[in-house]
Amino acid sequence: MPEEFRVTPWEVTGDIDYDRLQTQFGTTPIDDALKARLEKYGPLHPMIRRGIFYSHRDLDVLLDRYDKGGDFVLYTGRGPSGNTHLGHIMPWMLNKWVQDTFKVDMLFQMTDDEKFLFKEKLDLKDTTSMAYENALDFVALGFDPKRTRIILNTKNIDRLYPIALRVSKKVTFSTAKAVFGFDESTHIGQIFYTTLQSVPAFLPTEENGRQVPVIIPCGIDQDPHFRVTRDVAPGLGYPKPTMLYCKMFPGLSGADKMSSSDENATIYTTDSPKAVKKKVGRAFTGGRVSVEEQRQLGGNPEVCAVFKYNYYLFEPDDEKVNELATKCRNGEILCGECKMCLVERINVFLEGHQDRREKARDVVADMTYDGFEW
Ligand code: TRP
């Protein structure tokens, strides 16, 4: 029996079998041929090369259109429910690559409504105010301020609501139950929410008065929402969004997804160098019980959180990352040394990011959709 795991937009548990998830959801692998095709537009992003962004829907359709001179818009989002951590910014980095490579406009949706509806303890004023802090992290990654707009659902609702209504009329309760596992006790706010996540996929078409598709790079846990979006699109006269899906960013504890519910295994963008050192120091590794054993038998990078961090984000050079794996397997490098290296890399990144994050305060006001005020 394969191990049980569960991936929904609100809950990720167990050891995720990403191939099986792809089959369950019905998405398509990003294979070598597609990677080779992508390489024609510019150097491939390491996350695509390494199979972290590994699955898609209709990427080929979008590229065919682009090759013929057709435009598209980039769309991703964030539900503001707390501080931003590395798992959040990982997919945003790929979004930045898409913007730079294809020179496209971008919509970033902040779903303060969603987090209010789905997090028992959060009030709406909490989620709305958290959005600002989260937006700083997004802006700090260097999105083009002229081409990028941040949507905040409760602030932009006048623009979103007409489209949300049209979507809602096409989605039955029975579909919502089947897709999201809702039942009779689910409150109706949750049932309606998915319509709002669909809207930015259709906004570019509405605004331009012609078909403008979007590409949505995000975690594969969001697929249930976008299955609904894609299903209703043709009936409403909108193009189906193209999806680009990544695996979840692992936690330091060895869990498959970094999660704010385990603060010690989560690196926030505002963490101090000391906090990073402490958290990485406690990370789950593939090391042996003693130095002697490790020198003799070697470690196991496959299960090691420290190795995964290098693989996902902090060692973009393929040769070097392979060398690290080999050294670990051969017992040439011990966990302490490896952890110190990672601490250094994370801290160098965070130092720059925190600086850019402060500077973002000056531009974030000009990047709001429809000019809303924070
Ligand atoms: N539901 C997402 C979350 O919980 C937020 C979100 C809204 C999103 N629109 C999106 C994520 C588009 C990815 C792509 O964080």
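Rolling a 1.4 Å sphere over the protein heavy atoms, what is the accessible area per residue of region 287-374, to the nearest Å²? If you can, show how the numbers build up before the last one.
Numbers: 5040 Å² over 88 residues.
So region 287-374 comes to 57 Å² accessible per residue, rounded to a whole number.
Relative contact order (percent) for the chain, with alpha-carbon contacts under 8 angstrom and 6 or more residues of separation? Provide the component values of the computation, followed by the final result.
Numbers: 570 pairs, mean separation 70.6, N = 374.
Normalised by residue count, the contact order of the chain is 19 percent.
Quick one: of K35/K119; K115/K257; K96/K240; K68/K155; K35/K146; K121/K146, which pairs are farther than 27 Å apart, Cα to Cα?
Those over the limit are K35/K119; K68/K155; K35/K146; K121/K146.
Put M340, M93 in order of accessible area, largest first, 1.4 Å probe: what do you get? Don't skip to the answer; put the middle values down first.
Working: M340 135, M93 45 Å².
Heavy-atom accessible area, descending, gives M340, M93.
Among rounded, prolate and oblate, which fits region 263-357 when a ≥ b ≥ c are the square roots of the eigenvalues of its C-alpha gyration tensor, a/c under 1.5 means rounded, and a/b larger than b/c means prolate?
On the way: a/c = 2.62, a/b = 1.69, b/c = 1.55.
Verdict is prolate for region 263-357.
As an exercise, identify the trypsin sites (Lys or Arg not before Pro) in region 44-125 lying in DSSP coil whose Cβ has no more than 13 other Cβ atoms within 10 Å. Each step should come with its number before you reach the end.
Details: sites: R49, R50, R57, R65, K68, R78, K96, K103, K115, K119, K121, K125; in loops: R50, K68, K103, K119, K121.
Qualifying residues, ordered by number: K68, K103, K121.
Determine the per residue accessible area of region 5-252 with all protein chains present and a 1.4 angstrom probe, expressed in square angstrom.
Details: 9900 Å² over 248 residues.
I get 40 Å² per residue for this part.
Anyone know which of N208, N95, N330 comes out most mobile in the 10 Å Cα GNM of the chain?
Sorting by GNM fluctuation, first place goes to N208.
Which residue fluctuates the most in the chain, going by a Gaussian network model with Cα springs under 10 Å, if the choices are F108, F226, F182?
So, out of F108, F226, F182, the one fluctuating most is F182.
Find which of F180, L38, F53 sits farthest along the positive direction of the dipole of region 5-252, computed with +1 on the beta-carbon of Lys and Arg, -1 on that of Asp and Glu, about the Cα centre.
L38
Loop only by DSSP, 12 or fewer other Cβ within 10 Å of the Cβ. Give me the chymotrypsin sites (Phe, Trp or Tyr not before Pro) in region 247-340 that pass, ordered by residue number.
Numbers: sites: Y268, F284, F307, Y309, Y311, Y312, F314; in loops: F284.
Counting only loop positions with at most 12 other Cβ atoms within 10 Å, none of the chymotrypsin sites (Phe, Trp or Tyr not before Pro) in region 247-340 qualifies.
Modelled label-to-label distance, K170 and D60, 7 Å Cα→beta-carbon offset: nm?
Here the answer is 2.4 nm between the modelled labels.
Taking 0.36 nm per residue of separation and subtracting the Cα-Cα distance, what length does fully extending N330 through V303 add? Kindly include the intermediate steps, with their values, before the conclusion.
On the way: separation 27, 0.36 × 27 = 9.72 nm, distance 1.55 nm.
So the extension gain works out to 8.2 nm.
Summing -39500 (n - 2.57) over the DSSP H runs of n ≥ 4 in the chain and dividing by its residue number, what mean residue ellipticity at 222 nm do you reach, to the nearest 500 deg cm²/dmol?
Values: 16 runs with 187 residues, N = 374.
That comes out to -15500 deg cm²/dmol.
Determine the dipole magnitude for region 263-357: charges of +1 sit on the beta-carbon of Lys and Arg, -1 on that of Asp and Glu, nothing else is charged, the reference point is the Cα centre, and the result goes in debye to the nearest 20. Present the calculation step by step, with values, prior to reporting the outcome.
Values: 15 positive and 15 negative charges, 80 e Å.
Once rounded to the nearest 20, the dipole reads 380 debye.
I'd like the carbon and sulfur percentage of the solvent accessible area for the chain, probe radius 1.4 Å, heavy atoms only, ligands and nucleic acids excluded.
Working: 8700 of 17250 Å².
That share works out to 50 percent.
Can you tell which of P162, P200, P239 shows the greatest fluctuation in a Gaussian network model of the chain with Cα springs below 10 Å?
P162
Do any trypsin sites (Lys or Arg not before Pro) in region 129-213 lie in a DSSP loop with no more than 12 other beta carbon atoms within 10 Å, and if so, which? Write out the running numbers ahead of the final one.
Working: sites: K146, R147, R149, K155, R159, R166, K169, K170, K177, R210; in loops: K146, R147, K155, K169, K170, R210.
Passing both the DSSP loop test and the Cβ count: K146, K169, R210.
Have a look at the DSSP beta bridges in the chain and tell me what percent are antiparallel, nearest 5.
Counting only bridges with both partners in the chain, antiparallel ones make up about 40 percent.
Assigning unit charges at the beta carbon (Lys, Arg +1; Asp, Glu -1) and nothing else, what dipole magnitude in debye, to the nearest 20, does the chain show about its Cα centre?
Working: 49 positive and 55 negative charges, 71 e Å.
Dipole size: approximately 340 debye.
Please label the shape of region 5-252 as rounded, prolate or oblate, based on the square roots a ≥ b ≥ c of the eigenvalues of the alpha-carbon gyration tensor (a/c under 1.5 means rounded; beyond that, a/b larger than b/c means prolate, else oblate). Present the calculation step by step, with values, prior to reporting the outcome.
Numbers: a/c = 1.28, a/b = 1.22, b/c = 1.05.
Taking the square roots of the gyration eigenvalues as a ≥ b ≥ c, region 5-252 is rounded.
How would region 178-266 be classified by its alpha-carbon gyration tensor: rounded, prolate or oblate, with rounded meaning a/c under 1.5 and the a/b versus b/c comparison settling the rest?
Working: a/c = 2.78, a/b = 1.59, b/c = 1.75.
Verdict is oblate for region 178-266.
The values are calculated or read from the model by the stated rules, or taken from the named source; none is laboratory data. Worth saying up front: this structure is predicted, and the values here are computed from it rather than measured. Every residue, glycine among them, receives a Cβ derived from its backbone with ideal geometry; neighbour counts consider all protein chains shown. SASA here: full protein model, heavy atoms, side chains in, ligands and nucleic acids out. Shrake-Rupley method; radii C 1.70, N 1.55, O 1.52, S 1.80 Å.
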